[in-house]
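Colleague: First, the structure itself, so that you have it in front of you.
The values are calculated or read from the model by the stated rules, or taken from the named source; none is laboratory data. Just so it is clear, the structure is predicted and the values come from calculations on it, not from any experiment. Here Cβ is always computed from backbone atoms with ideal geometry, including for glycine, and neighbour counts include all displayed protein chains. These accessible areas exclude ligands, DNA and RNA; they are computed on the full protein's heavy atoms, side chains included. Shrake-Rupley method; radii C 1.70, N 1.55, O 1.52, S 1.80 Å.
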Amino acid sequence: MTSTVIMFMAAFVVINVVVVLVVVRVAGRAARKRNEHFERLAKHLDLNVSGGEPRFPNLKFLSFIRHPLRIEGERRGINIQIYHYAVRSGENSTTYMTVRTTIANPRELSFRFGKENLFTKFGKSLGMQDIDTGDAHFDGLFRVKCNDEAFIQKALLEQVKGKFLDAWENHKAKGAITLKEETLSYDEAGTIH
């Protein structure tokens, strides 16, 4: 090999190492900022933070890889968990933030409330049915699914619909509220920031 080829290979290796170090540093900074927001939220809600310890405690050079943080505890008599999770589809991954609690559900009710979007409009065009609440404005904005249509139509009083509209329009909520078995959750794409 000529010295030019060796120099080129060395430069290539150095550039790749620098790029990896920069990516790791930027990712670490973003994770620290996200964790600071998580800890502030936990303090504001008077809840506990768990997680954050190194995944590989015996490998110091990998100490930046940590378990995700979770906020847990009781607020106003309700046990709450707040955390992030990822949903993978092929080579893509989407991070979600969730707020979850467990409730008694003797009727085995299940439902999902979410904002109308391009995908739900497409689903409707293919015949997927949402529950019609009788309120054209609300039905135009939200996608409502439930295993007991009569219950949802009775439960969605004007005050309840008003709370949904307020949360999504004035507080920029973008997620979905779901009840499945005993788990009631609010899930939204993104992270706490």
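Colleague: What do you reckon, is Leu184 at pLDDT 85 or above and either out of contact with any Cys (no Cβ under 8 Å at 6 or more places or on another chain) or open to solvent by less than 50 Å² (accessible area, probe 1.4 Å) (or both)? Let's see the steps before the verdict.
Modeller: On the way: at pLDDT 85 or above: yes; either out of contact with any Cys (no Cβ under 8 Å at 6 or more places or on another chain) or open to solvent by less than 50 Å² (accessible area, probe 1.4 Å) (or both): yes.
Yes; evaluated as a whole, the condition is true for this residue.
Colleague: Would you mind finding the one in Lys154, Lys174 that is of a type outside the set (S, T, N, Q), without any contact (Cβ under 8 Å) to a residue 40 or more places away in the chain and open to solvent by 80 Å² or more (accessible area, probe 1.4 Å)?
Modeller: Lys154
Colleague: What do you reckon, is Leu141 open to solvent by less than 100 Å² (accessible area, probe 1.4 Å) and either more than 27 Å from the chain's Cα centre (by Cα) or at pLDDT 80 or above (or both)?
Modeller: Values: open to solvent by less than 100 Å² (accessible area, probe 1.4 Å): yes; either more than 27 Å from the chain's Cα centre (by Cα) or at pLDDT 80 or above (or both): yes.
Spelling it out, Leu141 is indeed open to solvent by less than 100 Å² (accessible area, probe 1.4 Å) and either more than 27 Å from the chain's Cα centre (by Cα) or at pLDDT 80 or above (or both).
Colleague: Moving to a separate point now. When only residues in region 157-168 that are more than 19 Å from the chain's Cα centre (by Cα) and of a type outside the set (Val, Ile, Thr) count, which is most open to solvent (accessible area, probe 1.4 Å)? I'd like the intermediate steps shown before the answer.
Modeller: So the first thing to find is which residues in region 157-168 are more than 19 Å from the chain's Cα centre (by Cα), and the list is 157-163, 165-166.
After this cut, where a residue has to be of a type outside the set (Val, Ile, Thr) as well, the list is 157-159, 161-163, 165-166.
On the way: Leu157: 96, Glu158: 124, Gln159: 132, Lys161: 11, Gly162: 35, Lys163: 152, Leu165: 33, Asp166: 61 Å².
Filtering region 157-168 for residues that are more than 19 Å from the chain's Cα centre (by Cα) and of a type outside the set (Val, Ile, Thr), the one most open to solvent (accessible area, probe 1.4 Å) comes out as Lys163.
Colleague: Examine region 74-85 for a residue that is charged (D, E, K, R), outside any helix (DSSP H, G or I), at pLDDT 85 or above and open to solvent by less than 80 Å² (accessible area, probe 1.4 Å), and state whether such a residue exists. Can you show your working first?
Modeller: Residues of region 74-85 charged (D, E, K, R): 74-76.
Right, trim to outside any helix (DSSP H, G or I) and you get 74-76.
With the extra rule that they be at pLDDT 85 or above, the set shrinks to 74-76.
Cutting the leftovers down to open to solvent by less than 80 Å² (accessible area, probe 1.4 Å) gives us 75.
There is at least one residue in region 74-85 that is charged (D, E, K, R), outside any helix (DSSP H, G or I), at pLDDT 85 or above and open to solvent by less than 80 Å² (accessible area, probe 1.4 Å).
Colleague: Additional query: If I filter region 38-56 down to residues being open to solvent by 80 Å² or more (accessible area, probe 1.4 Å) and modelled with pLDDT of 85 or more, which single residue comes out as farthest from the chain's Cα centre (by Cα)? Show your work before the answer.
Modeller: Of region 38-56, the ones open to solvent by 80 Å² or more (accessible area, probe 1.4 Å) are 39-40, 43-44, 46, 48, 53, 55-56.
Those left that are additionally modelled with pLDDT of 85 or more: 39-40, 43-44, 46, 48, 53, 56.
Working: Glu39: 17, Arg40: 18, Lys43: 20, His44: 19, Asp46: 21, Asn48: 19, Glu53: 21, Phe56: 25 Å.
The selected residue is Phe56.
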